[in-house]
Amino acid sequence: MKSNYDVVVVGAGPAGSMAARHAAEQGASVVLLERDREIGVPVRCAEATALNGLSKYTEIKESWITNTVSKIRLVAPNEKYVDITLPVDGIVLNRRLFDHDLAAYAAMQGVEVYTKANVTKVIFKEGKLPVVQVTHIGVAKEITAKIVIAADGVESRIARCAGIHTQTKYYDIEPCAQMFLEGVDIVKERIEFYFGTELAPGGYVWVFPKSDSSANVGLGYNASISNGKTALQLLEEFVHRKYPNAKAMTTVAGGVPVANTLKEITADNLMIVGDAARQVNPMSGGGILSGMAAGKMAGRVAAKAIGRGDYSKKALDEYKKVWDKEVGSEHRKYYRIKDYTVKMTDKDFNDLAGMLSPIPPEKMSLLRLFKAAVKNKPSLVFDVIKLFSNIA
Amino acid sequence: MIKINPLLCDLCGTCLSVCPADCMSLDENRLYIDNDACTHCELCIGVCPFGALSSGNEKEQANEK
């Protein structure tokens with residue numbers, strides 16, 4: 001590890017690895033620092049995404065795709081459900097391999113990658129380059145960077161070192177628990193979501209098959225409307241009831257920010273990406289693709305800034321502009337839908353499922369579902385239509 | 001004073017995201033709380049997915065010493 005680099009990226013999740021790769025590809029010297037001993041481990045993620053979305057950001061390895069899904073089932077508290085045929089290929093990833101390979105792609109562009117590299121603090125002083133304090137396998141080191149890219153996940157501490165307010169409100173955080181289950185009775189090509197205020201208040205349970213008999217099963221609830229149970233307790237209850245014979249091979253905790261993007265995602269010598277910047281779809285909690293998008297944008301802007309010798313907030317704000325235009329504005333629409341769906345009662349879910357369940361899956365669409373869900377809110381119907389017309 | 005049960009803590013960082021005092025930190029093995037900086041708002045307790053955090057009273061602290 002050298003004592004200075006053009007760009008220091010903190011965190012080797014998808015956002016960090018994409019940022020590192022794209023900064024290096026454009027000629028910057030880059031180091032990627034990961035706190036854990038292995039990139040991609042533990043997997044704190046439901047692992048599902050869309051194949052066409054993913055292919056926009058990276059070449060795809062077959063080994064990443066553990067399962068391809070074509071159907072969604074949404075289950076109401078009274079067990080009534082709505083089946084939807086997916087308009088695109090859904091995939092369930094192996095995040096362990098995926099995260100490793102994204103970091104490897106960065107390494108192949110010349111990025112130096114270090115694991116067990118825990119950034120404890122970054123010192124930002126006006127007129128000076130930031131100093132990154134890192135403990136790498138027990139040895140404390142200091143690295144001077146022209147630009148720091150904070151991809152440090154939900155905890156988002158690096159940005160705080162620059163005085164950026166990253167504290168997330170209860171309403172905007174979902175505590176999660178997740179299990180990898182063997183011996184579950186599932187349909188391999190169908191992902192399932194379960195809703196209900198007892199089950200997962202303000203959130204949902206996901207069942208994402210990884211094979212004929214194994215699945216990533218997890219739960220997130222809205223912290224502002226907790227029913228007093230932890231995410232783990234809620235998940236255990238669901239699993240015992242739904243899959244009494246399943247074996248939990250892994251049990252992992254996590255937290256998903258379901259917020260709007262931070263007001264400030266740049267400062268002098270700093271860019272913030274991924275969960276750390278709250279760049280997660282606030283309705284679904286999905287953050288893989290948006291994190292990758294942000295990483296790519298930030299990496300490119302960083303390299304350009306290095307080339308020009310200007311690392312000021314003003315120069316780095318190009319990243320914020322591109323983010324707002326391409327993804328951030330959509331996330332704001334999803335946030336308004338979240339505002340509505342978080343408040344849905346069990347009766348609302350049951351009524352909705354009762355109304356829509358007779359529709360055959362191939363005629364059912366997410367657009368139709370959301371239009372029905374927000375039928376009493378004309379302004380939201382408009383948001384929903386705009387969102388889905390952008391996606392299609 | 002917030003108590004951490006290290007047997008339950010999964011190092012996910014959810015507690016850090018809601019901390020107003022920035023008094024929590026993580027390395028690859030442990031969660032740390034700077035109790036001098038902690039404002040005792042207890043927001044961290046409510047979001048812990050595994051229930052690893054609790055409010056420790058002073059009597060318990062004395063017993064631990």
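The values are calculated or read from the model by the stated rules, or taken from the named source; none is laboratory data. What you see is a predicted model, and the numbers here were worked out from it, not measured in a lab. In this analysis, Cβ positions are derived from the backbone assuming ideal geometry, glycine residues included, and neighbour counts consider all displayed protein chains. SASA here: full protein model, heavy atoms, side chains in, ligands and nucleic acids out. Shrake-Rupley method; radii C 1.70, N 1.55, O 1.52, S 1.80 Å.
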* Tell me which residues, restricted to the stretch B:15-35, are in contact with a Phe, Trp or Tyr (Cβ under 8 Å, 6 or more places away or on another chain) and of a type outside the set (Val, Ile, Thr). => B:24, B:25, B:26
* Hits in the stretch A:26-43 - residues which are more than 10 Å from chain B (Cβ to nearest Cβ), buried (at least 18 other Cβ atoms within 10 Å of the Cβ) and under 18 Å from the mean Cα position of the chain (by Cα) -> A:39, A:40, A:43
* Asked: If you go through the stretch A:381-389 one residue at a time, do you hit one that is out of contact with any helix residue (DSSP H, G or I) (no Cβ under 6 Å at 6 or more places or on another chain) and open to solvent by less than 40 Å² (accessible area, probe 1.4 Å)?
  -> no
* Asked: Scanning for something in a strand (DSSP E or B), within 14 Å of another protein chain (Cβ to nearest Cβ) and charged (D, E, K, R), does the stretch A:189-206 turn up at least one residue?
  -> no
* **Among the residues listed as A:263, A:229, the single one being under 24 Å from residue B:54 (Cβ atoms), among the basic types (Lys, Arg) and at pLDDT 95 or above** => A:229
* To do: Would you please name the residue that is surrounded by the fewest Cβ atoms within 10 Å (Cβ to Cβ), looking only at residues in the stretch B:1-14 that are within 8 Å of chain A (Cβ to nearest Cβ) and touching a residue at least 24 places away in the same chain (Cβ under 8 Å)?
  => B:10
* Structure fact -> Counting only residues that are open to solvent by less than 10 Å² (accessible area, probe 1.4 Å) and either of a type in the set (Phe, Trp, Tyr) or within 19 Å of residue A:349 (Cβ to Cβ) (or both), the stretch A:221-234 contains a total of 3
* Residue check: is residue A:115 open to solvent by less than 50 Å² (accessible area, probe 1.4 Å) and in contact (Cβ under 8 Å) with a residue 12 or more places away in the chain? -> yes
* Structure fact -> Checked against (1) among the β-branched types (Val, Ile, Thr); (2) open to solvent by 50 Å² or more (accessible area, probe 1.4 Å); (3) away from every other protein chain (no Cβ under 14 Å), residue A:137 satisfies every condition except (3)
* Which ones in the stretch A:308-321 are closer than 21 Å to residue A:27 by Cα and under 20 Å from the mean Cα position of the chain (by Cα)? -> A:319
* To do: Determine if the stretch A:344-352 includes at least one residue that is under 18 Å from residue A:263 (Cβ atoms), open to solvent by less than 50 Å² (accessible area, probe 1.4 Å) and in contact (Cβ under 8 Å) with a residue 40 or more places away in the chain.
  => no
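Here is a check on your reading of the model: is residue A:307 under 26 Å from residue A:56 (Cβ atoms) and part of a helix (DSSP H, G or I)?
Working: under 26 Å from residue A:56 (Cβ atoms): yes; part of a helix (DSSP H, G or I): yes.
The answer is yes for residue A:307.
Yes or no, residue by residue, for (1) open to solvent by less than 10 Å² (accessible area, probe 1.4 Å); (2) farther than 21 Å from residue A:68 by Cβ; (3) under 21 Å from the mean Cα position of the chain (by Cα):
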| residue | (1), (2), (3) |
| --- | --- |
| A:180 | no, no, yes |
| A:189 | no, no, no |
| A:198 | no, yes, no |
| A:207 | yes, no, yes |
| A:219 | yes, yes, yes |
* **the stretch A:129-188, residues that are over 29 Å from residue A:240 (Cβ atoms), among the acidic types (Asp, Glu) and assigned to a strand (DSSP E or B)** => A:142
* Asked: When the stretch A:248-295 is examined, which residues are found to be at negative phi, of a type outside the set (Gly, Ala, Ser), crowded, with 24+ Cβ neighbours inside 10 Å and outside any strand (DSSP E or B)?
  -> A:258, A:261, A:265, A:273, A:275, A:279, A:280, A:282, A:288, A:292
* To do: Kindly provide the set of residues from the stretch B:16-58 that are facing chain A (nearest Cβ under 8 Å) and in a helix (DSSP H, G or I), ordered by number.
  => B:16, B:17, B:18, B:43, B:46, B:47
